[in-house]
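K.L.:
Questions regarding the structure given below will be posed in turn.
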Amino acid sequence: MPASRPPSRYDSLALISRAFPDDPVVLTCGATCREMAAAGRRDNHYYIVDTMGIVTPVALGLALGMAGQPGRRVVGVEGDGGMLTNLNALTTVGYLKPENLLLVVLDNESYASTGGQYTFTTDLDLADIAQSCGLRPYRADGLESLQSALSEASQAPGPSLVHMKIAPGNAQVPLLLDDPVTLGDRFHRWLAGSMPG
Amino acid sequence: MPVSSVNSQIIYDALKDAGVSIISALPETWLVHLVGMADADPEVTLVRLNKEEEGVGISAGAHLAGRKSAMLMQNHGLLTSVNGIVSLAQLYRIPLLMLVSYRGEMGERDPWQTEGGLVTERVLDALGIMYRKMSDPALAARDIRQAQTLAESSLRPVALLLTRELMWEE
């Protein structure tokens, strides 16, 4: 049974955080960063507070840099607006096919961080687009199916993209006003310490 | 095609000597040999881009994972990358080694390259990016080594402008 109302971004992010406690999780700008930080900051989270659309290339660079580490995934969490602004990055991923890359798109059909203007995903299916680009698509329609999609996608060779519609709107949480250098450095040190050898 | 394969090889060897193992590129005439060398090299991952700004993110991810990377692009690709350079690489203090073919400078015959040539160095200045024009193949290895050293010590982007004298033979 599909959920009657799509889950919130906040609840979806909290689930993603629990699902990947030991893998790098790259987060897109705006409400996604601040809601994840509010749900629980972790050193394995890379908070990209600006540069819309850069999550996929950063996650791809991490995946290439971490290739050959068994059992590890790089997770990139993008919104529909961010994915659409840099859709070419999906074709780059699909061509190179890094097995350890997992993208998650939380799709609220709107630019929720800037006032809720609608995006083209009211008519477009990002999972279909990802599949055409060469990624393995997964569809979730609630928190339970998100959990199982993430689990399935983690066990199969990537690159994969998990797509889920979420409710529009943002949680009332504080802005993420930390110095980006400090945010990035914390992640960098965590990752260096988690590398084999 | 009068792109210098000898000088391209010198540049490529210098990138390898500098420990670069991930190279991102979008096809451009002057870079044809360099991209081909990266493609044929099993020790190097070539990331074929669809827009140059992707290369900023890929180099950022590679840096965080402890790998050395380089970006190959035309100067118009540098212009395309500006947002990523400013609001990711510079905001987060991420080193970038950017090799930029310098089209539209002295000797340029293609009218469509000339506006990009006119603004390239001024854009780099405005962004606060240190750069050097590479024209002497005998100094290419030094130029690449020094640019990488500066990028890593300053944790900032550094650009090497590949000039017509270096890349073009006619």
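K.L.:
With away from chain B (no Cβ under 14 Å) and open to solvent by less than 60 Å² (accessible area, probe 1.4 Å) as the only criterion, which of A:A89, A:A140 stands out?
P.N.:
After applying the criteria, what remains is A:A140.
K.L.:
Please determine, by comparing only the residues of segment B:82-97 that are part of a helix (DSSP H, G or I) and of a type in the set (A, V, I, L, M), which one is nearest to the other protein chains (Cβ to nearest Cβ).
P.N.:
Ranking the candidates gives B:L88 first.
K.L.:
If you check B:K133, B:K51, which single one turns out to be among the charged types (D, E, K, R) and either out of contact with any strand residue (DSSP E or B) (no Cβ under 9 Å at 6 or more places or on another chain) or under 24 Å from A:M52 (Cα atoms) (or both)?
P.N.:
The match here is B:K51.
K.L.:
Of the residues that make up segment B:98-110, is at least one out of contact with any helix residue (DSSP H, G or I) (no Cβ under 9 Å at 6 or more places or on another chain), of a type in the set (D, E, K, R), away from chain A (no Cβ under 14 Å) and not in a loop (DSSP other than H, G, I, E, B)? It would help to see each step written out before you state the result.
P.N.:
Step one: list which residues in segment B:98-110 are out of contact with any helix residue (DSSP H, G or I) (no Cβ under 9 Å at 6 or more places or on another chain), which gives B:109-110.
Okay, now just the ones that are also of a type in the set (D, E, K, R), so B:109-110.
From what is left, the residues that are away from chain A (no Cβ under 14 Å) are B:109-110.
With the extra rule that they be not in a loop (DSSP other than H, G, I, E, B), the set shrinks to none.
Among the residues of segment B:98-110, not one is out of contact with any helix residue (DSSP H, G or I) (no Cβ under 9 Å at 6 or more places or on another chain), of a type in the set (D, E, K, R), away from chain A (no Cβ under 14 Å) and not in a loop (DSSP other than H, G, I, E, B), which makes the answer no.
K.L.:
Exactly one of (1) touching a residue at least 24 places away in the same chain (Cβ under 8 Å); (2) surrounded by 14 or more Cβ atoms within 10 Å (Cβ to Cβ); (3) more than 14 Å from chain B (Cβ to nearest Cβ) is unmet by A:S145. Its number?
P.N.:
(1)
K.L.:
Those residues that are in contact (Cβ under 8 Å) with a residue 12 or more places away in the chain, within 9 Å of chain B (Cβ to nearest Cβ) and either touching a helix residue (DSSP H, G or I) at 6+ places or on another chain (Cβ under 8 Å) or surrounded by 24 or more Cβ atoms within 10 Å (Cβ to Cβ) (or both), I need them from segment A:57-84; list them, please.
P.N.:
First, the residues of segment A:57-84 that are in contact (Cβ under 8 Å) with a residue 12 or more places away in the chain: A:57-60, A:62-64, A:66-67, A:69, A:72-84.
From what is left, the residues that are within 9 Å of chain B (Cβ to nearest Cβ) are A:57-60, A:62-64, A:66-67, A:74.
The answer is A:P57, A:V58, A:A59, A:L60, A:L62, A:A63, A:L64, A:M66, A:V74.
K.L.:
Cβ contacts < 9 Å: first residue at positive phi, restricted to segment B:149-164; second residue surrounded by fewer than 19 Cβ atoms within 10 Å (Cβ to Cβ), any location; separation 6+ or different chain. Result?
P.N.:
Listed pairs, sorted by first residue: B:L155/A:V181; B:L155/B:R93.
K.L.:
Hey, could you check segment B:1-50 for residues that are polar (S, T, N, Q) and in a strand (DSSP E or B) and say which is surrounded by the fewest Cβ atoms within 10 Å (Cβ to Cβ)?
P.N.:
B:T45
K.L.:
Among the residues of segment A:4-20, write down those that are more than 17 Å from A:Y111 (Cα to Cα) and either in contact with a His (Cβ under 9 Å, 6 or more places away or on another chain) or open to solvent by 50 Å² or more (accessible area, probe 1.4 Å) (or both).
P.N.:
A:S4, A:R5, A:D11, A:S17, A:R18
K.L.:
Tell me, please, whether a residue that is at pLDDT 95 or above, farther than 17 Å from B:S81 by Cα, of a type in the set (D, E) and surrounded by fewer than 14 Cβ atoms within 10 Å (Cβ to Cβ) can be found in segment B:130-142.
P.N.:
Taking segment B:130-142 as the starting set, the residues that turn out to be at pLDDT 95 or above are B:130-142.
Applying the additional criterion that residues be farther than 17 Å from B:S81 by Cα yields B:132-142.
From what is left, the residues that are of a type in the set (D, E) are B:136.
Next, only the ones that are surrounded by fewer than 14 Cβ atoms within 10 Å (Cβ to Cβ) stay: B:136.
Looking for residues that are at pLDDT 95 or above, farther than 17 Å from B:S81 by Cα, of a type in the set (D, E) and surrounded by fewer than 14 Cβ atoms within 10 Å (Cβ to Cβ), one finds at least one in segment B:130-142, hence yes.
K.L.:
Which residue, of A:P157, A:P137, is under 28 Å from B:R48 (Cα atoms) and in a loop (DSSP other than H, G, I, E, B)?
P.N.:
The unique qualifying residue is A:P157.
K.L.:
Determine, yes or no, whether B:A65 is small (G, A, S) and at the interface with chain A (Cβ under 7 Å from one of its Cβ atoms).
P.N.:
yes
K.L.:
Would you confirm, using the coordinates I've provided, whether B:S69 is open to solvent by less than 10 Å² (accessible area, probe 1.4 Å), at negative phi and hydroxyl-bearing (S, T, Y)?
P.N.:
No.
K.L.:
What about A:A112, is it modelled with pLDDT under 95, open to solvent by less than 30 Å² (accessible area, probe 1.4 Å) and aliphatic (A, V, I, L, M)?
P.N.:
yes
K.L.:
Quick one: in segment A:171-197, which of the residues that are away from chain B (no Cβ under 14 Å) and out of contact with any Asp or Glu (no Cβ under 7 Å at 6 or more places or on another chain) is most open to solvent (accessible area, probe 1.4 Å)?
P.N.:
Out of the qualifying residues, it is A:Q172.
K.L.:
Residues of segment B:51-66 being surrounded by 21 or more Cβ atoms within 10 Å (Cβ to Cβ) and not in a helix (DSSP H, G or I), which ones?
P.N.:
B:E52, B:A65
The values are calculated or read from the model by the stated rules, or taken from the named source; none is laboratory data. As the structure is a prediction and not an experimental result, all values here were calculated from the model. Reconstructed Cβ throughout: ideal geometry from the backbone, glycine too, with neighbour counts over all protein chains shown. For accessibility, only protein heavy atoms count, side chains too; no ligands or nucleic acids. Shrake-Rupley method; radii C 1.70, N 1.55, O 1.52, S 1.80 Å.
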